[in-house]
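The structure appears below as structure tokens.
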Amino acid sequence: MIPFIDLQSQFARIQPEVEAAMLAVVRSGQFILGPEVAKLEERLADYVGAKYCISCASGTDALVMALMAKGVGPGDAVFTVPFTFMASAEAIATVGATPVFVDVEAGSFNMDVAALERAIEALAKADASIHPLPRLPEAELKALKPKGVIAVDLFGLTADYAAINTIAAANGLFVIEDAAQSFGASANNARAGSLAEIGCTSFFPAKPLGCYGDGGAIFVNDSELDTILRSIRVHGQGEDKYENVRMGITGRLDAVQAAVLQKKLDIFDDEMDNRQRVAAGYAAALASEAIDVVAPAIPAHHISAWAQYTVTARDAVARTEFQQRLNAAGIPTMIYYPKALHQQKAFANLGYQTGDFAVSEDLTSRVFSLPMHPYLADAEISRIVASLIP
Ligand SMILES: *Cc1c(COP(=O)(O)O)cnc(C)c1O
């Protein structure tokens, strides 16, 4: 049985170091923030190339805290994509703001920047003939204040921040990079997490850099944002513990997780190299066997973190056949994502309809993801691809 992701092989590789690091935290009695968290933040900031790293309790909290730091709340609109994990749009709703969806491109799975421009114009004019908008009462729609953009680096490939940052700046919007799936990726030698004003990532176990529970981090270059985010992380604390100067949350990363993450960071470059090997192996095998799927294409000067290796079948029937063949051979596959967010019941209040985001809807019916992890052997890659053939 080939695992979809292989945390066991990784653990076997670093078991003594990880166990010692966890035990050291337990023995130290320093469970909340403290030296391990500070050391991790320094290493993460250094790795990403950002001035400040604020670790936190999850990728979702990272997004919520970022929106809180930007003062986003009821009556505000934030643009994001519908073809992503729930949290990207959920964070917007959590702070009381309204997600305004923008479709993705089929090739990169990331935000379509031309559609973003149309969405901004449509909202400014409250004119859904320019781009689909939430079907809210007219007065409510007209009163929405556009505040920012959350772009997502889906499956590990960074979105087009050169374009997104330019469009956002021209319209007075902030940009948050949802780098939950792209830690370790880069674009033109700049690392994911550093590509927008605020970068948010996740250390959920299945992400490229995962801990043994929930965790996340925020990256910024602005010292004032750093201070605000550290305050939000601890109930809006001010100069001392029992002074509260704003609303916040319990958003801290556990010291045990910070210790685990440092041991995983020690081998992360090697793991990233192996993810590139696996992706290249898939691309070569899919091409040489002439498998009828579209393999992911990575633009020049970009390196994906390969959170997922997601291919696109011709149609839903072909996808089911591929998945059944692999399943029969004991090879797991997943569908990320089977439903676009504008079609989820949780966002029914926005009034979006099927047909609003044709590319996202089409992708949900055709994509599937193959096993992807740094410990996948070349022979296993060949076997997986051979198992796709009828
Ligand atoms: C996983 C993920 C998140 C949320 O991260 P958690 O740590 O699970 O809260 C946010 N956005 C995207 C795109 C993700 O894949």
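No lab work stands behind these numbers, since they all come straight from the coordinates. Everything quoted here is computed from the prediction, not taken from an experiment. Please note: Cβ atoms are built from the backbone with ideal geometry, for glycine as well, and neighbour counts cover all protein chains shown.
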Shape category assigned to the range 275-390 from the gyration tensor of Cα positions, a/c cut at 1.5
prolate
If the cut-off is 25 Å between C-alpha atoms, which lysines fall inside it for K125, apart from same-chain ones fewer than 8 positions away?
K70, K142, K145, K147
What does the charge count near A192 come to, summing +1 for each Lys or Arg and -1 for each Asp or Glu among other residues with Cβ under 11 Å from its Cβ?
-2
From the phi angles alone, apply the Karplus equation (6.51, -1.76, 1.60; θ = phi - 60°) to the range 370-385 and give each ³J(HN,Hα) in whole Hz, x where the residue is Gly or Pro.
8, x, 8, 6, x, 9, 6, 6, 4, 5, 5, 4, 4, 5, 4, 5
So for each of 126-137, 1-12 I average, over its residues, the number of other beta carbons within 10 Å; can you give me the resulting order with the highest mean first?
126-137, 1-12
Relative packing of 372-385, 48-61, which averages over residues the other C-beta atoms within 10 Å, highest first:
48-61, 372-385
Ranked by Cβ crowding within 10 angstrom, fewest neighbours first, how are H302, H342 ordered?
H302, H342
With an 8 Å cut-off on Cα pairs and a minimum separation of 6 or more residues, tell me the relative contact order of the chain in percent.
22
Which shape class applies to the chain: rounded if a/c is under 1.5, otherwise prolate when a/b exceeds b/c and oblate if not, where a ≥ b ≥ c are the square roots of the Cα gyration tensor eigenvalues?
oblate
Give a residue-ordered list of calculated ³J(HN,Hα) values for the range 8-15 (Karplus: 6.51 cos²θ - 1.76 cosθ + 1.60, θ = phi - 60°; whole Hz; x for Gly, Pro).
5, 5, 5, 4, 4, 6, 10, 3
For peptides 16-27, 73-84, sequence by mean Cβ density within 10 Å, most packed first:
73-84, 16-27
Suppose the chain between N274 and A379 were pulled fully straight at 0.36 nm per residue; how much longer would it get relative to their current alpha carbon spacing?
36.4 nm
